[in-house]
Amino acid sequence: MSKYQQIIPTANKIIKKYDLCDHCLGRLFSKQLHLSSNKLLGKKLKNNLAIERCYICKNLFEHLDHFLKLMIDVSSNYSFTSFSVGAIIKPSIVDKDDFIRSQFKLKGIDSIKTDITKELGRKYSRKTKKTIDHLNPEITFTVNLKDESCELRSKSITLSGRYTKTKRGYPQKQKSCENCLGKGCRICDFHGISKFDSVEGVISKFVFKKFGGTIAKFTWIGGEDQSSLVLNAGRPFFVKIQNPLKRKAKLSDVISDSIKIHHLKLVNESPKRSLKFNSTIRVKITTTSEIDSQGLKKLKILTSNPVVVYDKSGKRSEKKIFNVKYTKKSKNMFNLIIKAEGGLPIKRFVIGDDVTPGISTLLESPCVCERFDFLDIEV
Ligand SMILES: [Zn+2]
Ligand SMILES: [Zn+2]
């Protein structure tokens, strides 16, 4: 007896008791027969028997084109190649599906939800030539068959790049939109920021123009003061764009006043852990007592042992200093150029505020950091 003949008695029992559509009946047996079309199997088993209304799905499969149209509408502005489909269906439908399965002891078959999402995926793929990808789709549809709506989520994309800042006065970070505090609202176009007058603002404006999207999340490789310059090759950063409309674009350098963004490229993701980096920093320092070159020589000792830094919470860390250079500018002012491990708090380092040894301590005179600029950042 063939596998097909073996299932006929059970199928007949079910048909006798319940009205099922071709999809729902076929689904109950297609897996064990290794058939891919539930509909054709159901049709064959029912032998063209007509039904009014499917006991399980209430003829949902006849209306899938309506949901297909919702999917096409909601995705019309997006460029992508792969997608997956999820569905929300009425609990009563799931319950009836479970009920039939347990009543007839049917195991290892697709749920009605799986069948609906498969069917919608097939239809959408046929219509748009996009590829179904369950593991890592660029676009995820959630079709809600309860309230007849469709949501779309577009997987984020990440870019890396570097920026330089050749004029003082631009902050690195942008203040959040005052209305939503950064969560995203209508006023800020769901970006979470409504002004673009910072390094973050300049980069955000560019990526939103190129890729669309809602919120841009930054990972900075270190930071600087509003009054600091960032020179030469600049500071590296990563930016993750949520819900992008596009996933590819031609990228060029961006210049906005004194901020330049360069080396922009798409990358797989932002670094998971904070990256180690070293910075070369030029610090302008004024002193209370007069200084002489002999006294400044004491700063050379900084390279022999790491500097110990305590943060506000009391956490201790060590920062190596690799290189120290200084130039006396006047009786009470000198420039210090150091190459140090990233994250050394420069102003506190100069004053000696929970950073040992600090510049003030070494020179035995209270010192103040007037400003500091970044000459190089290497990752
Ligand atoms: Zn059905
Ligand atoms: Zn807002």
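Key figures for this structure:
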quantity: Nonlocal amide H pairs with S228, under 5 Å, H built at 1.01 Å; calculated: G169
quantity: Length-normalised contact order for the stretch 238-379 - Cα pairs under 8 Å, 6+ apart - percent; calculated: 30 percent
quantity: Top of F334, F190, F104 by mean-square fluctuation, Gaussian network on the chain, Cα under 10 Å; calculated: F104
quantity: Rg ratio (alpha-carbon, reference 2.2 N^0.38 Å) - the stretch 157-267; calculated: 1.00
quantity: Charge dipole (debye, nearest 20) of the stretch 35-148; +1 at Cβ of Lys and Arg, -1 at Cβ of Asp and Glu; calculated: 500 debye
quantity: Theoretical FRET efficiency, 1/(1+(r/R0)^6), r = Cβ-Cβ of K113 and D353, R0 35 Å, to 0.05; calculated: 0.05
quantity: Cβ-based charge dipole, the chain, positive-most Cα from H262, Y124, N323; calculated: Y124
quantity: Degrees, to the nearest 10: 3-17 long Cα axis against longest axis of the chain; calculated: 80 degrees
quantity: Distance between the stretch 274-327 and the stretch 140-218 - C-alpha centres, whole angstrom; calculated: 37 Å
quantity: Nearest-20 debye value, the chain charge dipole, Cβ charges on Lys, Arg, Asp, Glu; calculated: 960 debye
quantity: Extension reserve of the K155-D65 stretch, reckoned as 0.36 nm per residue once the Cα distance is removed; calculated: 29.9 nm
quantity: Gyration tensor (Cα) of the stretch 278-378, equivalent ellipsoid semi-axes in angstrom; calculated: 20, 15, 12
quantity: The chain - Rg over Rh from alpha carbon coordinates, Kirkwood radius; calculated: 1.24
quantity: Under the Karplus curve 6.51 cos²θ - 1.76 cosθ + 1.60, θ = phi - 60°, whole-Hz ³J(HN,Hα) for the stretch 214-225, x wherever Gly or Pro sits; calculated: 9, 9, 9, 9, 9, 10, 9, 8, x, x, 9, 6
quantity: Relative packing of peptides 166-172, 344-350 - highest average C-beta neighbours within 10 Å first; calculated: 344-350, 166-172
quantity: Tilt relative to the chain, helix 22-33 - C-alpha long axis, 0 to 90 degrees, to 10; calculated: 80 degrees
quantity: Dipole of the chain [Lys/Arg +1, Asp/Glu -1 at C-beta], most positive-end residue of S194, V239, Q32; calculated: Q32
quantity: Principal-axis tilt of helix 199-211 within the chain, Cα atoms, nearest 10 degrees; calculated: 30 degrees
quantity: Bins of 10 Å, starting at 0 and running to the largest distance - Cα pair percent for the stretch 3-154; calculated: 10, 40, 31, 16, 3, 0
quantity: Gain upon complete extension [K195, T286; 0.36 nm per residue less C-alpha separation]; calculated: 29.2 nm
quantity: Percentage relative contact order, the stretch 3-154, counting C-alpha pairs under 8 Å, at least six apart; calculated: 26 percent
quantity: For the stretch 3-154, share of DSSP beta bridges that run antiparallel, in % to the nearest 5; calculated: 45 percent
quantity: GNM result for the chain, Cα springs below 10 Å: residue of L336, L49, L64 fluctuating most strongly; calculated: L49
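Each value in this text was obtained by applying a stated rule to the coordinates, not by laboratory testing. In this text, all values refer to a predicted model and were calculated from it rather than measured experimentally. No Cβ is skipped: glycine too gets one built from the backbone with ideal geometry, and neighbour counts run over all protein chains shown.
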